[in-house]
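Each value in this text was obtained by applying a stated rule to the coordinates, not by laboratory testing. Given the structure is predicted, the values throughout are model-derived calculations rather than measurements. Glycine gets a Cβ as well: all are built from the backbone with ideal geometry, and neighbour counts include every protein chain shown.
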Ligand code: C2E
Ligand code: MG
Ligand code: MG
Ligand code: MG
């Protein structure tokens, strides 16, 4: 009966949950030993102008190759690093590495670096890490873009806002990533003068297809952003239909598999061409 099935269900699932928890703890411990340049690396994905496809910059995306498990998804290991506090170390590494990489490029493309709310909420410690990455690499602040999500203002909002203002005053641009997926998108826009809005892939994916809803949401975000004078980036553009629709709606920048997957740093492409 139902009771026996329930008992069986519990008896069956509990060891599996425990095994999963053990596995997670082991991975978290391994992340502590994942020091650059051994296991951590950055993949670079182009951001292009919607009007003509010209490359404007690259987003640095962290990759972790575990010695025995292979590639671990950033969605998993970034969350684990946020929970353990390791994010300060690996996030600091990503910032320094991305700035140093961009400083070597022949073209003055910008480099976009994702920063976790946990990093920004440390306030002046975070601002100093950004200043140090710029000073050490010699990268012009105008070529650095930091991508933050709406979560950045949920806790320690005063410290986070002060840190964002401080780096923005240097000339660094602040982009609001994954726009529309948080709980307080409009309040976040009101709290800080973001330089860019990145519309989340989930709204872009339905463009040029059957979803009138997604098209309406994208149009509304573009209208809102244009009213605020903030350029918009569409994430996750995979088809030319999506691109045409974004162009018709006046979206400035795009990123996605249609233009290029995350890959080797542009400096490697440049040096091999010579
Ligand atoms: P994100 O910042 O929103 O980055 C965009 C994600 O979309 C990346 O996933 C990218 O590979 C993926 N993507 C780009 N174009 C397309 C497309 O056309 N189609 C599809 N299906 N996907 C596309 P990825 O590399 O797995 O990273 C996931 C998330 O992990 C990032 O989302 C970001 O939130 C976080 N992350 C990655 N690197 C870092 C980092 O260095 N620091 C922090 N704090 N977070 C990072
Ligand atoms: Mg991003
Ligand atoms: Mg995003
Ligand atoms: Mg994302």
The stretch 120-180: proportion of alpha-carbon pairs further apart than 20 angstrom, %: 22
Relative contact order (%) - the stretch 36-162, alpha-carbon pairs under 8 angstrom, separation at least six: 22
Ranking of 99, 251 by count of other Cβ atoms within 10 Å, fewest first: 99, 251
Ranking of 122, 143 by count of other Cβ atoms within 10 Å, fewest first: 122, 143
Burial ordering of 87, 230, fewest other beta-carbon atoms within 10 Å first: 230, 87
Rounded to 5, percent antiparallel among DSSP beta bridges of the chain: 45
Near-label residues of the stretch 99-132 by backbone N, under 20 Å of a point 7 Å along Cα→Cβ of residue 169: 120-132
Relative contact order (%) - criterion: Cα under 8 Å, at least six apart; region: the chain: 18
Shape box of the stretch 10-86 [Cα atoms, principal axes, largest first, Å]: 59, 30, 23
Computed over the chain, Kirkwood Rh from alpha-carbon pairs, angstrom: 20.2
Gained length - residue 43 relative to residue 244, 0.36 nm times residue gap less alpha-carbon distance: 69.7 nm
